[in-house]
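The numbers here are math on the coordinates, done by the rules we state, and not lab data. This structure is a prediction, so every number in the text was calculated from the model and none was measured. Every residue, glycine among them, receives a Cβ derived from its backbone with ideal geometry; neighbour counts consider all protein chains shown.
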Amino acid sequence: MDANLTLRAPVEEDIYEMSAKERDELEIGSLPGSLIEALELTEKSKLVKEALGDHVFTKFIENKRIEWDDYRTRITDYELEKYYPIL
């Protein structure tokens, strides 16, 4: 790793009040919006794979896929309240 990295100037504004264009101009990224997005990014990460090792990394990804599948197939209270009256 490069020991001569310098920090950029801090952002003092509220980033949640900024437009997407303003955040892009300041190179402010966003965190994944869901578990599956985070999982897909993690699968591509050499750093995570090296840190965990092949076996743990593989099992971690497998378990998170099971967790995602369990989550996405559940009906939430929100869905029941919103859509049940339509039926």
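Mind checking which helices (runs of 4 or more DSSP H) fall wholly inside segment 11-58 and carry at least 2 residues that are charged (D, E, K, R) and within 22 Å of ASP70 (Cα to Cα)?
On the way: elements: 20-25, 35-43, 46-52.
Here the list reads 35-43.
Quick check on my filter: what residues within segment 28-87 are within 14 Å of the chain's Cα centre (by Cα), surrounded by 10 or more Cβ atoms within 10 Å (Cβ to Cβ) and among the hydroxyl-bearing types (Ser, Thr, Tyr)?
SER34, THR42, SER45, listed by residue number.
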